[in-house]
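Beneath this line is the structure, given in structure tokens, with notes to follow.
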Amino acid sequence: MNTSSPFQADNLFEIVYKASDSVKTEEDLNLLISDFDADLLCSQMESLSVSQLVKFLRVSHNYYLSKKLPEIEQSLLHIREKYSNTHGLLAGLAVYFNNYKKKLVKHIRMEEEVFFPFIETLVLASEGRLSPEETKELLQATSLADFEDNHDSIEEELREVEQIIKAYASQTEQVLPFSVFLNQVTLFEYELRKHAVIEDMVLVKKVADLEAELRNV
């Protein structure tokens, strides 16, 4: 990795996510989303190695599970406890998001337990830390295509959930906690979009090249 790059492994997570922490109002959120540039993010991440990218994505997963989702769940709990009797539609939509959360957690576990270990083993093979027999066995058992065929568009699904929640919420009187919840969901969708760009447009491309090199040896 080029040490002159502003995107270093130790401060990478802070650089990518620090803008989200500055969001205080709906106007801040809309401005943040409108400024998103996928091509710029790709160019910034391109200098990172496969191992560094996997490390970043693992840290991102932990951030989602330990911070972002609990924050949203806290908002859901508040809505259900305070408004389930007077705003049944809003409480029901909150439960709708909770169903999506279960799918997201399942998706993250698959990547953590299967996809990333496969990539990390490919890296070991590329570094000559596996025997030729081990490398051959790895490539015969698994390929990147196996994951691409079964890779759910979890980020796109959250965007659909967000739009459905907004559409239904517009039909009834909104309360402040639900407005907070909507902003949290919108910000989370934005963060998952960045995650998807890094994974699908940078990491997967590098892994495909790595696997092709190993298969052509």
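Brief remarks follow.
- Springs between Cα atoms under 10 Å define the GNM used for the chain, and in it the highest mean-square fluctuation of Gln184, Gln52, Gln171 occurs at Gln171.
- Calculated Rg and Dmax of the chain using C-alpha coordinates, Å: 20.0, 66
- The chain: most fluctuating residue of Phe181, Phe118, Phe36 per GNM, C-alpha cutoff 10 Å: Phe36
- Cβ-Cβ FRET estimate between Glu133 and Leu65, R0 fixed at 45 Å, reported to 0.05: 0.75
- Restricting the calculation to Cα atoms, region 41-121 shows an Rg/Rh of 1.16 when the hydrodynamic-style radius is the Kirkwood one.
- Calculated [θ] (222 nm, deg cm²/dmol) that DSSP helices of n ≥ 4 give over the chain, each run adding -39,500 (n - 2.57): -22500 deg cm²/dmol
- Ellipsoid equivalent to region 155-217 - semi-axes via the Cα gyration tensor, in Å: 40, 10, 5
- Region 187-217-region 82-136 distance, computed between alpha-carbon centres (Å): 15 Å
- Across Ala141, Ala125, Ala196, mean-square fluctuation computed from a Gaussian network of the chain (C-alpha pairs under 10 Å connected) peaks at Ala141.
- For region 29-35, 3J(HN,Hα) computed residue by residue from phi via the Karplus equation (6.51, -1.76, 1.60; θ = phi - 60°) reads 5, 5, 5, 4, 5, 5, 7 Hz, glycine and proline entered as x.
Only the coordinates and a few stated rules stand behind these numbers; no lab work does. Everything numeric here is computed off the predicted structure, so don't read it as measured data. When we count neighbours, we look across all protein chains shown, and the Cβ atoms used for this are built from the backbone with ideal geometry, even at glycine.
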